[in-house]
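Right, one structure below, let's go through it.
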Amino acid sequence: MNPAKICIVFHSGYGHTLRMAQAVAEGADAELLPIDADGNQPEGCWERLAAADAIIFGSPTYMGGPSWQFKKFADASSKVWFTQGWKDKLFAGFTNSATMNGDKLSTLHYFFTLAMQHSGLWVGTGMMPSNTKAAQRNDLNYVGSFSGAMAQSPSDASPAEMLPGDLETARQFGARVAQAARRLKSA
Ligand SMILES: Cc1cc2nc3c(=O)[nH]c(=O)nc-3n(C[C@H](O)[C@H](O)[C@H](O)COP(=O)(O)O)c2cc1C
């Protein structure tokens, strides 16, 4: 059993980031807290986040940043910020977009800044990129991110067509956050 509580708070417009969130959750043994199309959180979300040892943020990259629905959640978290209620929790983030680059790093940087405003501790992928001549698209961390997990889904691909390598990268990223949370909890 995982003694650390991990929550994934994320938005997905069309289901791709949802699949990624499910892969991260599988690796982290985490609870999914989906933000809906109106930018609202599920019942009990704030209580669950308050009790979490680690919070993982997720959003598609839309126009070079997180979706407005995620930003609505982030702005609402200012209430927690006033009391620094999430201080010293672990934070991490993931994103998915259509283009290989697509400015995904801007989304991860936004998540990082949000985590820092909450005085958290950031966990990256800790995964070497697959970037040799022999590299294959389904290798682990083919998209090549240290800051957080990235996936790329072609604009005409359904969520069911998301690449297994990106989903496995997301799963292993989740496992790393869980391992870090366990270590911190037992320290
Ligand atoms: C409003 C909007 C803006 C987008 N902006 C970007 C972008 O900046 N970079 C990119 O690579 N893809 C962009 N895309 C493509 C999405 O990131 C991609 O379709 C992604 O898989 C959607 O994830 P979702 O199914 O979880 O909503 C955009 C899509 C939409 C609808």
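For the reader, a short list of remarks on this structure follows.
- The stretch 153-166 - residue that is more than 14 Å from the chain's Cα centre (by Cα) and under 17 Å from residue 129 (Cβ atoms) and, of those, farthest from the ligand (Cβ to nearest atom): 165
- Considering the stretch 45-86, and only residues there that are touching a residue at least 60 places away in the same chain (Cβ under 8 Å) and out of contact with any Leu (no Cβ under 8 Å at 6 or more places or on another chain), the residue that is farthest from residue 20 (Cα to Cα) turns out to be 73.
- Taking the stretch 92-129 as the range and being more than 21 Å from residue 25 (Cβ to Cβ) and of a type in the set (A, V, I, L, M, F, W, C) as the test, the residues that pass are 98, 100, 105, 116, 128.
- Check on residue 146, under 19 Å from residue 55 (Cα atoms), within 12 Å of the chain's Cα centre (by Cα) and not polar (S, T, N, Q): no
- Inclusion of residue 24 among residues that are under 17 Å from residue 116 (Cβ atoms) and in contact (Cβ under 8 Å) with a residue 12 or more places away in the chain is not warranted.
- Qualifying residue in the stretch 103-114 (condition: part of a loop (DSSP other than H, G, I, E, B), out of contact with any Leu (no Cβ under 6 Å at 6 or more places or on another chain) and away from the ligand (no atom under 14 Å from the Cβ)): no
- Helices (runs of 4 or more DSSP H) enclosed by the stretch 1-98 - at least 1 residues per element that are among the aromatic types (Phe, Trp, Tyr), within 16 Å of the ligand (Cβ to nearest atom) and out of contact with any strand residue (DSSP E or B) (no Cβ under 7 Å at 6 or more places or on another chain): 68-76
- Scanning the stretch 121-160 for residues that are surrounded by fewer than 14 Cβ atoms within 10 Å (Cβ to Cβ) and either within 22 Å of residue 15 (Cα to Cα) or at pLDDT below 95 (or both) gives 137, 154, 155, 156, 157, 158, 160.
The values are calculated or read from the model by the stated rules, or taken from the named source; none is laboratory data. Computed from a predicted structure; not experimentally measured. All Cβ positions, even for glycine, are placed from backbone atoms using ideal geometry, and neighbour counts span all protein chains on display.
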